[in-house]
Structure formats: C-alpha cells, structure tokens
Amino acid sequence: MCNVFVLGDIHGDFSVIASWIVNNVITNSIIVQVGDFGIGFNNNQAEYLKQLDFVVGSHENILYVVRGNHDNPSCFAENNNTSVSIYGRQGDLDSSDLEYAIRNLKNIQLLPDYTVLDINGEKWLFVGGSISIDRKHRVLGQSYWPEEIFVYDESKISELEGIDRVVTHISPDFCPPVKFGYIVYTFANDDKPLLKELKHERVQITKLFSKLKEKNNLKGWYSGHYHQSSYIYHGSTEFIGLNINEFKQILGKDDGIY
C-alpha cells in the first residue's frame, strides 16, 4: 500500500514538490496535486517539468495533477497525449518542447476531467477547472484560456458507483469560503459578469456532490483554489481545503488525514 498525499496550489513552482520529496525522503507514495499546478504558460517549462519527473520517479513516487484555472487546459489529455497550445509574445504558436516533455512523462500524469483511478483499493474521481478572478488582467492564449472553467457533466457521473474520494480545484458552496472576499469584489469592478459566474460555478460543483452522493459513499473531498486551509464534515464526507504549497497525508480506507 502506498502513502497518499494531497497538495494545494503551487502556481508553477515545481521545486516545491521536488524539495519536499528530497527533504522528507518521500518514497513509494502517490502525490495528488489539486490544480493550479501552473503548467502550460511558456515553452521554457519543459526542462523544469522533466527535472520534476526525474525526482518524482527516482524516489519511486507518482504525481497526479488536476487542472486549475491557472493551468493551460490543452496540457490535460488521456495518457498525457497532449497537443499543447501556447502563443508567445509575437503571437506565434510556441509549445513544441513542452508538448514533447508532457508526452514523455513517466511519473507525472496530468489528468483529464472525470478521470477515475484506483488508489489503495479505493476509487478516486478527479475533476478540474474554475474561473480566474483576474482573467481581465491576463492575456488570451498566453496566461488565460476560456476553457479553464469547471464543467459539470452529469452524463459522466450518473452511472458512477463505488467512488470513495473526489479531487476538484474548487469546492461546493457549503465549504469555506462561503462568501466572496475583498479581492473578488476588487476584480469584479471591471469584470461585471464575474460575481454571477462565480456563484454559478459553486452551484454547479455542489450539484456534482449531490449527484455523486446518490450512489456513492464519499469519504473525502480535496480542493485548493481559495488559498486557505479548511476542514469540515458535511454529512459523512470529510472536506479538506488546501492552502498554497500545503501537503496533507491521507491515511487509509477508514481514516481521514494525518
């Protein structure tokens, strides 16, 4: 049985994972990163990604990643078979090195939405995506992609049974934070649809939870995005919100976190 850890947003700082593995002698483990991995912003990330893949594998670990809002959606495809789309400062497509690096990852998997994996005899469901509140200050095709959003697809979950744990970038609306903070209202000043869309995405991911509960005994749900640590129970499900660069260990079938 592998040790399992969940990790919050890292925003492209791959050294957070490599240093943690080396400094804590993490071996024979699965690391689940909950989005805002920070992948797909420029072609220069290829070398750093290859270095991280080496460190993860050399310690006999596996890293699973879901997409956040600060991830290029084109990097997430079945079996890392990506066709990466990044447009450089001159407006030209510039992604060949990163695309090659992703396709040749051995120990890191960038998971497409609605992936289901068996981890230590439990079924884990992975669904990424969310809205960037600073999207008006980002560049389309370079640092912002409209496809970043969370997409509720009932057809992909209606028949799922035996799901034990769920990983998403955002969390249902009963999880902290339950109200918008000052920074959200600040960005909403020049992005009029933002508040309405943010409310809608929380409603949508809450629908995901409600639908899954119909046929699944959900033990744990792990997310990031809000840059704060949180811990609540909703019914019998344990909800863990992770801060930036925060690791937590998931103990086992009948346990919570360490």
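Structure values in brief
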{"read-out": "Matching residues, segment 136-169, being open to solvent by 30 Å² or more (accessible area, probe 1.4 Å), charged (D, E, K, R), closer than 20 Å to Phe126 by Cα and not in a helix (DSSP H, G or I)", "value": "Asp153, Glu159, Glu161"}
{"read-out": "Checking Ser58 against (1) open to solvent by 10 Å² or more (accessible area, probe 1.4 Å); (2) among the polar types (S, T, N, Q); (3) in contact with a strand residue (DSSP E or B) (Cβ under 9 Å, 6 or more places away or on another chain), the condition it does not meet", "value": "(3)"}
{"read-out": "Identity of the residue in segment 64-81, open to solvent by 10 Å² or more (accessible area, probe 1.4 Å) and assigned to a loop (DSSP other than H, G, I, E, B), that ends up farthest from Ile149 (Cα to Cα)", "value": "Asn81"}
{"read-out": "Sole residue being open to solvent by 60 Å² or more (accessible area, probe 1.4 Å) and in a strand (DSSP E or B), chosen from Lys179, Lys123", "value": "Lys123"}
{"read-out": "Flag for Gly224 being buried (at least 17 other Cβ atoms within 10 Å of the Cβ) and of a type in the set (Gly, Ala, Ser)", "value": "yes"}
{"read-out": "Of residues in segment 126-135 being in a loop (DSSP other than H, G, I, E, B) and closer than 18 Å to Gln204 by Cβ, the one most open to solvent (accessible area, probe 1.4 Å)", "value": "Ile133"}
{"read-out": "Residue in segment 29-52 that is most open to solvent (accessible area, probe 1.4 Å), counting only those that are under 23 Å from Thr168 (Cα atoms) and part of a loop (DSSP other than H, G, I, E, B)", "value": "Phe41"}
{"read-out": "Count - residues of segment 47-68 that are among the polar types (S, T, N, Q) and either in contact with a Phe, Trp or Tyr (Cβ under 7 Å, 6 or more places away or on another chain) or closer than 18 Å to Val6 by Cα (or both)", "value": "1"}
{"read-out": "Qualifying residue in segment 87-97 (condition: surrounded by fewer than 18 Cβ atoms within 10 Å (Cβ to Cβ) and part of a strand (DSSP E or B))", "value": "yes"}
{"read-out": "Ile26 surrounded by fewer than 21 Cβ atoms within 10 Å (Cβ to Cβ), within 23 Å of Ile250 (Cβ to Cβ) and out of contact with any His (no Cβ under 7 Å at 6 or more places or on another chain)", "value": "no"}
{"read-out": "Cross-chain or 6+ apart pairs with Cβ under 8 Å, segment 208-225 first and over 15 Å from Ile170 (Cβ atoms), then basic (Lys, Arg) and in a strand (DSSP E or B)", "value": "Leu218/Arg165; Lys219/Arg165; Gly220/Arg165"}
{"read-out": "Filtered residues of segment 98-120 (kept if assigned to a loop (DSSP other than H, G, I, E, B) and closer than 20 Å to Asp9 by Cα)", "value": "Asn107, Leu111, Pro112, Asp113, Tyr114"}
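The values are calculated or read from the model by the stated rules, or taken from the named source; none is laboratory data. All figures in this text were calculated on a predicted structure; none of them were measured in a lab. Every residue, glycine among them, receives a Cβ derived from its backbone with ideal geometry; neighbour counts consider all protein chains shown. For the accessible areas, the whole protein counts, side chains as well, though only heavy atoms, and no ligand, DNA or RNA atoms are used. Shrake-Rupley method; radii C 1.70, N 1.55, O 1.52, S 1.80 Å.
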